[in-house]
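The values are calculated or read from the model by the stated rules, or taken from the named source; none is laboratory data. Fair warning: this is a prediction, and the values are worked out from it, not measured in the lab. Neighbour counts are summed over all protein chains in view; Cβ atoms, including those assigned to glycine, are modelled from backbone coordinates with ideal geometry. The accessibility values were calculated without ligands, DNA or RNA, using every heavy atom of the protein model including side chains. Shrake-Rupley method; radii C 1.70, N 1.55, O 1.52, S 1.80 Å.
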Amino acid sequence: MSRQGLRPADPKKVSGELFTLTYGSLVAQLLKDYENVDDVNRQLERMGYNIDMRLIEDFLARANPGRCYDLRDTADKIQQAFKLYLGVSPSIGSWNPGGDEFSVVLETNPLAEFVELPDHCLGLRY
């Protein structure tokens, strides 16, 4: 069979889907290892911080977004990074009156795409 009719997959979409599948497996393994949702949440928070730091470094190297001059500029860069790594564009809003806090809202959580949680895991923050 000829491969000429097949289109190559979009590498950004493939790596985003691979990440969501891998992340779901990681959470499932943590649930097996710790058996307590609060312990799993602590582990995910610790791991998430380390992953976030690496993603920030990678984003700055790849996208070369330039310097952030204010928090609104930072929020725009965060929005770009979500699009680059997960293929989703979050909403930025709920700015406080001082303009020094905002919310990043995902309409759908791409990390939950391949996840089904048992009832005892409803407090899991992944």
### Task
May I ask you to list the residues in the range 73-90 that are more than 20 Å from THR20 (Cα to Cα) and either touching an Asp or Glu at 6+ places or on another chain (Cβ under 9 Å) or open to solvent by less than 60 Å² (accessible area, probe 1.4 Å) (or both)?
ASP73, THR74, ALA75, LYS77
### Query
Is it fair to say TYR85 is at pLDDT below 90, among the aromatic types (Phe, Trp, Tyr) and out of contact with any Cys (no Cβ under 7 Å at 6 or more places or on another chain)?
yes
#### Entry: Positions within the range 66-107 being of a type in the set (S, T, N, Q) and part of a loop (DSSP other than H, G, I, E, B), in sequence order
SER89, SER94, ASN96
### Task
Consider only pairs whose beta carbons are under 7 Å apart and that are at least six residues apart or on different chains; among these, list those whose first residue lies in the range 60-83 and is within 19 Å of ASN96 (Cβ to Cβ) and whose second residue is among the small types (Gly, Ala, Ser) and loosely packed, with under 13 Cβ neighbours inside 10 Å.
LEU71/GLY99; GLN79/SER89
### Query
What number of residues within the range 42-67 satisfy the criterion of being among the charged types (D, E, K, R) and under 19 Å from LEU84 (Cα atoms)?
6
### Message
Step by step: first the residues of the range 88-122, then only those that are β-branched (Val, Ile, Thr) and at pLDDT 90 or above, then the one that is farthest from LEU30 (Cα to Cα). Which residue is that?
### Response
ILE92
